[in-house]
Amino acid sequence: QVQLVESGGGLVQPGGSLRLSCAASGIIFSVYAMGWYRQAPGKQRELVARITSGGRTNYADSVKGRFTISRDNAKNTVYLQMNSLKPEDTAVYYCNAASGPIAPGSWGQGTQVTVSS
């Protein structure tokens with residue numbers, strides 16, 4: 001059974017930083033390109049960062065230069081370092097395969113990020 005557990009969110013002031021983690025189980029983690037997604041209220045879920053099995057990364061224009069995705073295959077974990085946070089980064093953040101859900105029902109509970117003064 002696929003399980004993705006996100007953590008590390010919170011309330012932060014504009015300009016602040018957070019580091020999100022996503023622990024995966026039930027999959028051969030190392031073969032998957034993984035992604036971080038976010039969903040703001042009233043908006044569709046969007047992919048903001050992806051990392052291939054070999055470590056190549058891509059970012060949405062909205063986060064390029066501020067967010068860094070990384071992975072530790074030994075720990076089955078993918079990370080998102082978020083710097084210079086803006087109010088428009090406020091959303092629930094999820095991880096999953098970069099190409100879409102690994103399996104039906106594989107979305108985790110997400111982690112809430114709120115950027116506000």
message: If I ask for residues that are of a type in the set (Lys, Arg) and either farther than 17 Å from residue 93 by Cβ or in a strand (DSSP E or B) (or both), which ones from the stretch 42-51 would you list?
response: 50
statement: Picked from the stretch 89-117 (must be aromatic (Phe, Trp, Tyr) and over 12 Å from residue 10 (Cβ atoms)), the residue surrounded by the fewest Cβ atoms within 10 Å (Cβ to Cβ) is 107
field: Residue identified as at pLDDT below 95, farther than 18 Å from residue 5 by Cα and assigned to a loop (DSSP other than H, G, I, E, B) among 100, 65, 54
entry: 54
- prompt: Within the bounds of the stretch 20-33, is there any residue that is under 18 Å from residue 116 (Cβ atoms), open to solvent by less than 60 Å² (accessible area, probe 1.4 Å) and assigned to a strand (DSSP E or B)?
  reply: yes
message: Just checking, does the stretch 9-18 include any residue being touching a helix residue (DSSP H, G or I) at 6+ places or on another chain (Cβ under 8 Å), open to solvent by 20 Å² or more (accessible area, probe 1.4 Å) and of a type in the set (A, V, I, L, M)?
response: no
message: Residues that are in a strand (DSSP E or B) and farther than 26 Å from residue 14 by Cα: does the stretch 72-86 have at least one?
response: yes
message: modelled with pLDDT of 95 or more and more than 17 Å from residue 3 (Cβ to Cβ): is that true of residue 49 in this structure?
response: yes
task: Taking the options 85, 80, name whichever one is surrounded by 17 or more Cβ atoms within 10 Å (Cβ to Cβ), farther than 24 Å from residue 3 by Cα, of a type outside the set (Gly, Ala, Ser) and touching a residue at least 40 places away in the same chain (Cβ under 8 Å).
output: 85
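Looking at the stretch 53-66, is at least one residue of a type in the set (Asp, Glu) and loosely packed, with under 13 Cβ neighbours inside 10 Å?
yes
The values are calculated or read from the model by the stated rules, or taken from the named source; none is laboratory data. What you see is a predicted model; the values in this text were computed from it and never measured. Ideal geometry is used to build each Cβ from the backbone, glycine not excepted, and the neighbour counts take in all protein chains shown. Surface areas here come from the heavy atoms of the whole protein model, side chains and all, with no ligands, DNA or RNA. Shrake-Rupley method; radii C 1.70, N 1.55, O 1.52, S 1.80 Å.
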